[in-house]
1. Being of a type in the set (Ser, Thr, Tyr) and more than 16 Å from the chain's Cα centre (by Cα) narrows it down to one of TYR351, TYR297, so name that one.
2. What residue, among those in segment 220-274 that are acidic (Asp, Glu) and open to solvent by 20 Å² or more (accessible area, probe 1.4 Å), is farthest from GLU177 (Cα to Cα)?
3. In the list ARG574, ARG559, which residue meets the criterion of being at pLDDT 95 or above, surrounded by 15 or more Cβ atoms within 10 Å (Cβ to Cβ) and under 30 Å from ALA218 (Cβ atoms)?
4. Pairs please, first residue from segment 251-275 and on the phi > 0 side of the Ramachandran plot, second anywhere and among the acidic types (Asp, Glu), Cβ atoms under 9 Å, 6+ apart in sequence or on different chains.
5. Name the single residue that is most open to solvent (accessible area, probe 1.4 Å) among those in segment 532-556 being of a type in the set (A, V, I, L, M) and either out of contact with any Gly (no Cβ under 8 Å at 6 or more places or on another chain) or more than 30 Å from ASN497 (Cα to Cα) (or both).
6. Check segment 374-391 and report whether any residue there is in a loop (DSSP other than H, G, I, E, B), crowded, with 20+ Cβ neighbours inside 10 Å and out of contact with any helix residue (DSSP H, G or I) (no Cβ under 9 Å at 6 or more places or on another chain).
7. Looking at ALA360, is it buried (at least 22 other Cβ atoms within 10 Å of the Cβ) and farther than 25 Å from TYR443 by Cα?
8. Anything in segment 85-99 that is out of contact with any helix residue (DSSP H, G or I) (no Cβ under 8 Å at 6 or more places or on another chain) and closer than 19 Å to GLU415 by Cα? List them, or say none.
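The values are calculated or read from the model by the stated rules, or taken from the named source; none is laboratory data. What you see is a predicted model, and the numbers here were worked out from it, not measured in a lab. No Cβ is skipped: glycine too gets one built from the backbone with ideal geometry, and neighbour counts run over all protein chains shown. When the accessible area is computed, the model is the full protein with side chains, heavy atoms only, and any ligands, DNA or RNA have been set aside. Shrake-Rupley method; radii C 1.70, N 1.55, O 1.52, S 1.80 Å.
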Amino acid sequence: MQKLYYFLVCCTILGCQSNSKYTSTNSINVSFTEAASAEVKDGRLLLMLSTSDEKEPRFQINDGPTTQLIFGMNVDAMAPEKTMTFTNEIFGYPYPSLAEVPPGEYHMQALLHTYETFKLSTGHTVKLPMDNGEGQRWNRSPGNLYSKPVKVTVTKNGIQNVNVVMDQVIPPIEEPEDTEWIKHIKVKSEKLSEFWGRDIYLGAHVLLPKGFNEHQEAKYPLMVFHGHFPSDFGGFRTTPPDPSLKPEYAARFDLDGYNIIQQQEAYDFYKRWNEPDFPRMLIIEIQHPTPYYDDSYAVNSANQGPYGDAITYELIPEIERQFRGIGEGWSRFLYGGSTGGWEALAVQVKYPEEYNGCFAACPDPIDFRAYCLTNIYEDKNAYYYDSDHKKLEVPARRNYLGDIQSTLRSGNHLELVLGDKSRSGQQWDIWEATYSPQGDDGYPVRIWDKMTGDIDHQVAAYWKENYDLKHILERDWDKLGENLKGKINIYCGDMDNYYLNNAVYLMEEFLEGTTNPYYDGEVLYGDRAEHCWNGDPDQPNAISRLRYNSMYVPKIMKRIAKSAPKGADLTSWRYK
């Protein structure tokens with residue numbers, strides 16, 4: 001009976017042939033040439049198949065309806081010319097097994113996402129994909145090996161003895177150059193280097209104010225624009241849109257010529273930045289990718305190290321030193337959307353005296369009772385609604401009409417193919433890497449079983465006490481309230497694609513009930529607005545998302561006028 005039970009579980013998890021309408025056997029051999037790398041490699045070996053030749057298969061993997069096929073396995077000390085074989089037992093997405101791939105013509109490609117070995121200060125040794133300047137994108141990461149796509153035929157009997165050779169290497173990424181307006185800085189973090197057991201650098205793109213060189217006496221307030229990994233400072237352009245630019249269609253916004261709109265908005269911001277009455281400030285975008293994601297979530301973490309302290313106490317003071325920032329908490333402000341929205345609020349909450357206000361747009365879940373559509377404290381399973389008789393999957397993404405585009409199970413299974421042990425570099429895994437305790441093996445402890453969705457409520461309790469922002473505020477309001485009064489501002493569309501508005505409702509309920517003191521900020525919603533509405537009631541998402549660096553300035557100026565301490569420098573940076 002035990003053997004039968006084990007067999008049935010394996011079939012459920014791996015998608016064995018007896019549950020498939022296909023009875024094929026598959027054997028696909030993957031290797032890399034010595035010319036590609038003479039060194040042995042650790043990493044995640046990925047095999048992709050696509051029915052479309054519009055792009056390389058590695059650029060066609062996603063958790064929506066347009067995705068193509070991918071399968072993944074770990075490799076340790078894979079040597080040049082050594083063959084690794086993909087068979088029916090290797091887990092895949094959206095088909096869990098190669099045995100389920102329908103017969104037909106496919107474009108096949110292999111890629112090795114390479115891992116580095118870290119000896120952590122905690123005493124653990126872990127293997128993880130270090131960011132190489134691309135912002136944790138497995139399909140673009142410099143140093144990764146890959147093959148050119150080849151055309152194969154999947155018959156009713158599958159694929160046997162196909163050889164795929166990785167002879168290509170993704171090249172390094174050139175770093176952006178300084179300009180008159182935008183400077184780039186890298187700072188070695190002693191705190192992070194100690195944690196990771198190797199040198200770790202934090203970077204930033206700094207937008208200088210008009211007259212920076214001419215007004216040496218001026219010291220400036222600082223605006224921190226949090227968000228995903230920025231390759232350079234975005235949304236700033238000193239010339240009008242390129243007249244030869246071919247208009248591109250943006251499916252997300254159903255807009256033709258959106259690339260031209262982006263250039264026009266960037267140029268318009270440059271003009272506003274130079275207007276006589278525009279406040280002279282510094283704006284920074286931070287580069288803080290980790291081996292788990294394209295950014296660290298800007299807080300201290302058991303698995304990623306003290307990124308919160310490193311940013312606030314190492315990077316930002318150095319930026320203010322080099323570029324004449326005022327360097328006091330009343331003169332620093334935080335804003336961002338989505339990941340950046342959560343970061344803006346979390347950093348304000350965890351460093352209440354170091355910053356003077358946050359503007360958090362469409363923040364990632366700020367109350368884990370609404371971890372998108374999952375209550376991690378009460379629900380038993382994240383992937384399915386509780387039911388005795390009906391198996392109904394929990395949605396993960398919708399549009400403003402409510403049409404479902406992906407599910408929680410689907411997205412998590414894609415991540416599991418891309419990397420086990422929270423190593424996919426994707427959304428659910430970075431939340432886990434940020435919020436979870438460190439496991440005995442040195443990797444994050446799972447909040448739920450990645451295959452089944454069963455929730456670990458002990459891990460959920462750890463999340464609650466350390467990263468559930470609403471819970472932390474409610475628990476500690478008697479200590480935090482005075483230092484956060486007037487500093488919390490949150491914006492979200494009521495049809496956010498990822499259901500992030502649900503957590504905002506719960507946060508708003510708490511904030512509006514605060515006393516001694518009343519929080520004295522604002523929480524606003526965009527009617528039928530999708531991700532990532534950021535507080536502009538007059539413009540659609542497609543436009544307002546391009547105006548982060550100017551839209552909160554009036555609110556920041558009011559906050560400065562209301563809260564700056566006696567004797568604060570309110571004049572040196574207000575030149576024409």
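1. TYR351
2. ASP254
3. Just a single option satisfies the conditions, and that option is ARG559.
4. Short answer, once both residue conditions are applied: GLY257/GLU248.
5. Among those that are of a type in the set (A, V, I, L, M) and either out of contact with any Gly (no Cβ under 8 Å at 6 or more places or on another chain) or more than 30 Å from ASN497 (Cα to Cα) (or both), it is ILE543.
6. yes
7. Yes.
8. Matches in segment 85-99: TYR95, LEU98.
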